[in-house]
Amino acid sequence: MEGGFLRKRATLADVAALAGVSQATVSLVLNSVADARIGKATRAKVQKAAADLNYRGASKLRQGGPSRLVGVVMDEFHPNRFAAAFLDELRDAAWEEQCGLLVVSTRGQPELEDPAVATLLQQEPVGIVYASLFPKRVAVPEAVANANTVLVNCQDTLDRLSSVRPDFVDAVVSPFEFLLARGHRRIALLNHEHWNLFAQDRMTGYRKALDAAGVPFVRSYVRHLNGAPDDGYMATLELLKLGEPPTAIICGNDRMAFGAYDAVREAGLLVGGDVSIFGYDDYDIARYCHPPMTTVRMPYSEMARWAVERLLNPGEATVNRLVAGNIVERGSVGVVKAAGH
């Protein structure tokens with residue numbers, strides 16, 4: 001770990017998993033939202049889980065208002081896993097440093113972005129977190145580039161600004177090694193479309209993992225998709241019709257994995273028994289699948305804390321930091337059967 005400040009702390013997701021509730025429920029309970037219709041028993045479970053894990057995210061929210069502001073510029077507030085979960089963790093990380101958040105969404109359009117950034121800078125924030133919904137290279141507005149800025153989930157095309165994003169090479173290497181340890185060698189990859197920065201990284205990780213294991217590359221085992229459940233479903237049906245179908249499938253997100261589940265069942269096979277499925281994101285619903293989904297949890301907390309720490313302690317050199325996610329082992333990955341594989 002870098003600089004000592006990335007020691008693992010309990011996250012909102014950890015509390016939710018221990019209490020057996022959604023992250024939204026945890027947030028409502030720990031932030032004492034009065035109108036939330038949450039039963040006493042559930043509130044008690046959440047509070048106990050937070051205490052057991054020494055979760056610090058909500059503790060400073062009740063110690064008075066922030067003394068400083070962090071500006072946040074996001075291209076989209078699309079209701080996907082990244083936007084909601086990252087902002088939640090960023091809020092907690094900022095509050096730990098007695099900073100509040102001022103957030104704007106710009107759709108990446110200059111006519112919206114320029115006035116939004118100007119408004120943020122008028123508030124004299126300690127810095128700006130410039131974030132993208134999907135990992136990509138971005139042309140950062142000059143006003144942002146000249147401020148104390150950290151990029152999240154994206155990289156500056158001119159490499160002037162420090163950034164932090166998930167390590168999507170490791171996002172395939174770690175699951176691949178996990179599957180190898182359970183006897184799998186015919187491992188498919190449901191990747192995103194070629195143009196995505198994270199799809200390119202995942203492909204690099206896949207080839208790296210194959211080479212390290214001495215497993216030959218099979219082109220038909222790789223599919224480039226747009227990430228929807230239907231894509232995962234159709235691609236998995238095609239994979240299962242191959243002469244030597246894969247025994248395991250690594251999916252670029254949990255949504256494609258949901259579709260893969262349906263395809264495996266439609267083929268009369270068992271998820272985790274006949275075909276192992278690995279997701280990515282750790283959506284709340286992943287643990288309620290049948291069987292519960294083995295997946296990779298995005299490193300939202302680590303990214304948020306690194307971004308805040310970097311804003312408060314800017315260095316002279318530009319740093320592009322990659323943070324690996326954590327494997328959440330459940331029931332969708334099994335050991336390869338001795339017969340037939």
Are there any helices (runs of 4 or more DSSP H) wholly within the stretch 226-341 with 3 or more residues that are surrounded by fewer than 21 Cβ atoms within 10 Å (Cβ to Cβ), among the aliphatic types (A, V, I, L, M) and over 15 Å from the mean Cα position of the chain (by Cα), and if so which? 229-240
Name every residue in the stretch 174-195 that is surrounded by 20 or more Cβ atoms within 10 Å (Cβ to Cβ) and either β-branched (Val, Ile, Thr) or part of a loop (DSSP other than H, G, I, E, B) (or both), in order of residue number. HIS184, ILE187
Kindly list, by first and then second residue, each pair from a residue in the stretch 141-160 that is part of a loop (DSSP other than H, G, I, E, B) to a residue that is open to solvent by 70 Å² or more (accessible area, probe 1.4 Å), limited to pairs with Cβ atoms under 7 Å and residues at least 6 apart or on different chains. PRO141/ASP114; ASN148/PRO314; THR157/ARG137; THR157/ALA139
Out of ARG287, ARG265, report the one residue that is touching a residue at least 24 places away in the same chain (Cβ under 8 Å) and of a type in the set (Lys, Arg). ARG287
Of everything in the stretch 16-31 that's under 11 Å from GLN47 (Cα atoms) and modelled with pLDDT of 85 or more, which residue is surrounded by the most Cβ atoms within 10 Å (Cβ to Cβ)? ALA19
Just give me the residues in the stretch 118-140 being part of a strand (DSSP E or B) and open to solvent by 30 Å² or more (accessible area, probe 1.4 Å), in sequence order. PHE134, LYS136, ARG137
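The values are calculated or read from the model by the stated rules, or taken from the named source; none is laboratory data. Everything numeric here is computed off the predicted structure, so don't read it as measured data. As a convention, Cβ positions derive from the backbone with ideal geometry for all residues, glycine included, and neighbour counts pool all protein chains shown. In case anyone asks, the SASA skips ligands and DNA or RNA and just uses the protein heavy atoms, side chains included. Shrake-Rupley method; radii C 1.70, N 1.55, O 1.52, S 1.80 Å.
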